[in-house]
Amino acid sequence: MLRLVQIVLVALIVLSAAFALEEHTLTAEQMGRYDRLTHELIAPCCWREPIAIHRSQEALQMLDEVEKLVAEGRSEQEIKSIYIARYGPRILADPPGVSRYWLYLLPFSLLTWFMVAAVFRLRSLVKRTAPAHSSAPPELLAQVRKETENLF
């Protein structure tokens, strides 16, 4: 009887270890989808990093869920829809409808505007401080030229 209990316990331990070590082997195409999805979904614990990078308990759980969903053959859009329904559009690293191009264009347009404004301001300062052309009589100018030539 004791021997039978030992055999059953060993069998249970082996089976539980086999289930614990069970890995979902993904094809190359599925690995690509898995990689894209894990970089597009944000960890819901702090909303800062994708689950591929973040190592909180929630992010690790989401990694396992995404792997299972990809192994089941679900599309990227289906998986995103599941998480959007659960957490809202904030779960996506790049939410739909938000154009991020303005983040690149705004600094350059402001820089251009400030440079144009600076050029116009400098031109007005130069015009204001530039000496007026001399209206001296030509005889006086000729005399000054002659004296300066004699100096050298």
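Since every read-out is calculated from the coordinates, none of them should be taken as a lab result. Keep in mind that this is a model prediction, so the values were computed, not measured. For neighbour counting, all protein chains shown are included, and Cβ atoms are generated from backbone atoms with ideal geometry for every residue, glycine included.
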If I fit a long axis through the Cα atoms of helix 28-40 and take the longest principal axis of the Cα atoms of the chain, what angle between them do I get, 0 to 90°, rounded to 10?
60
Extension gain (nm, one decimal) between LEU141 and GLU76, 0.36 nm per residue minus Cα-Cα
14.9 nm
Going Cα to Cα from LYS80, which lysines come in below 23 Å? Please leave out same-chain ones fewer than 8 positions away.
LYS68
Neighbour count of at most 10 Cβ within 10 Å plus DSSP loop: longest GluC sites (Glu not before Pro)-free window in the chain:
24-152
The extension gain from ARG48 to LEU125, computed as 0.36 nm times the residue separation minus the Cα-Cα distance, is 22.9 nm
With a cap of 11 neighbouring Cβ atoms within 10 Å, and only residues DSSP puts in a loop, list the trypsin sites (Lys or Arg not before Pro) found in segment 40-69.
ARG48, ARG55
Between PRO44, PRO137, PRO107, where does the largest GNM mean-square fluctuation fall for the chain, given springs only between Cα atoms within less than 10 Å?
PRO137
Summing -39500 (n - 2.57) over every DSSP H run of at least 4 residues in the chain and dividing by its residue count gives a helix-only mean residue ellipticity at 222 nm, to the nearest 500 deg cm²/dmol, of -23000 deg cm²/dmol
If you average 1/r over every pair of different alpha-carbon atoms in segment 59-102 and take one over that average, what Kirkwood value in Å do you get?
11.5
With springs only between Cα atoms under 10 Å apart, run a GNM on the chain and tell me which of TYR87, TYR104, TYR34 wobbles the most.
TYR104
Taking 0.36 nm per residue of separation and subtracting the Cα-Cα distance, what length does fully extending ALA28 through VAL5 add?
3.9 nm
Using alpha carbons only, how many degrees (0 to 90, rounded to 10) separate the axis of helix 138-151 from the longest principal axis of the chain?
80
Semi-axes of the equivalent ellipsoid of segment 9-91: what are they in whole Å, largest first, if each equals the square root of 5 times a C-alpha gyration tensor eigenvalue?
26, 16, 11
Cα-based equivalent ellipsoid of the chain: semi-axis lengths in Å, sorted from largest, via gyration tensor
81, 19, 13
